[in-house]
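Take a look at the structure below.
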Amino acid sequence: RAKNTLKLIKEILQDNRDFNESWELNERHYGALTGLNKDEMKLKLGEEKVHQFRRSWDLRPDPLNKDNPYHPTNIDTYKTIPTDLIPDTESLKDTYERVIKFYQREIESKIKNNNILISAHGNSIRALCKYLFKLDNKQIINLEIPTGNPLVIQLDQKYEIKNCKYLIKEKARDLIIF
């Protein structure tokens, strides 16, 4: 969906510039819960456990078996990624570490003189917001990222947030510190 979102944005803006794709901005890996929708997860584990997995900072679901067709090692998109970098399951903390390493290596230095568009998945965006907003491990649990509502973040020269807002006010969620 993040790729489709980017494609739509580029069409609307009539922007033909190239973009970079990176697996480090992919959604959190839900391990053995991969392939199940929320209702199926609730039936399997109960509503409380599903809520814990979805909102906790460092709780990982059981790992996904490498033989499962949903395991990243069995998906063409991941064929060029070293297998030791591909997780079998992730917590939000694991996702944070993956996303922030990429952000610091590939994005942060480009922000000073450029507008950067990041089209990514909910937990990847939550991880990035934790870093940029300087949220603690309890605050991040309450941060919700609505689907389909661009979040505009303006940073100063020290990478501190000057302004932050959702473009669609009716679909906005609490940004915790703004």
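For this structure, a couple of remarks:
- Listed by first and then second residue, the pairs with beta-carbon distance under 7 Å, at least 6 apart or on different chains, first residue in the stretch 115-134 and among the charged types (D, E, K, R), second open to solvent by 20 Å² or more (accessible area, probe 1.4 Å), are 126/145; 130/96.
- If you filter the stretch 69-78 down to residues that are in a helix (DSSP H, G or I) and open to solvent by 50 Å² or more (accessible area, probe 1.4 Å), you find that the one that is nearest to residue 143 (Cα to Cα) is 77.
- Of everything listed in (1) under 23 Å from residue 177 (Cβ atoms); (2) at pLDDT below 95, the single unmet condition for residue 80 is (1).
- Single residue of the stretch 125-146 satisfying the filter (open to solvent by 30 Å² or more (accessible area, probe 1.4 Å) and among the charged types (D, E, K, R)) that is modelled with the lowest pLDDT: 144
- Filtering the stretch 79-99 to residues that are among the charged types (D, E, K, R) and in a helix (DSSP H, G or I) leaves 84, 93, 94, 97, 98.
- Note on the stretch 147-166: among residues that are open to solvent by 20 Å² or more (accessible area, probe 1.4 Å), part of a loop (DSSP other than H, G, I, E, B) and closer than 23 Å to residue 26 by Cα, the one that is modelled with the highest pLDDT is 150.
- Answer residue from the stretch 95-124, given it is open to solvent by 80 Å² or more (accessible area, probe 1.4 Å) and at pLDDT below 90 and is farthest from the chain's Cα centre (by Cα) among those: 113
- Test for residue 136: is it more than 27 Å from residue 4 (Cβ to Cβ), assigned to a loop (DSSP other than H, G, I, E, B) and among the acidic types (Asp, Glu): yes
- For the stretch 81-94, the condition of being under 23 Å from residue 155 (Cα atoms) and either hydroxyl-bearing (Ser, Thr, Tyr) or surrounded by 14 or more Cβ atoms within 10 Å (Cβ to Cβ) (or both) holds for none of the residues.
- Summed over the stretch 66-94, residues that are under 21 Å from residue 36 (Cα atoms) and either under 18 Å from the mean Cα position of the chain (by Cα) or not acidic (Asp, Glu) (or both) total 19.
The values are calculated or read from the model by the stated rules, or taken from the named source; none is laboratory data. Note that this is a predicted model, so its numbers are computed, not measured. Ideal geometry is used to build each Cβ from the backbone, glycine not excepted, and the neighbour counts take in all protein chains shown. Note: areas computed on protein heavy atoms with side chains; ligands, DNA, RNA excluded. Shrake-Rupley method; radii C 1.70, N 1.55, O 1.52, S 1.80 Å.
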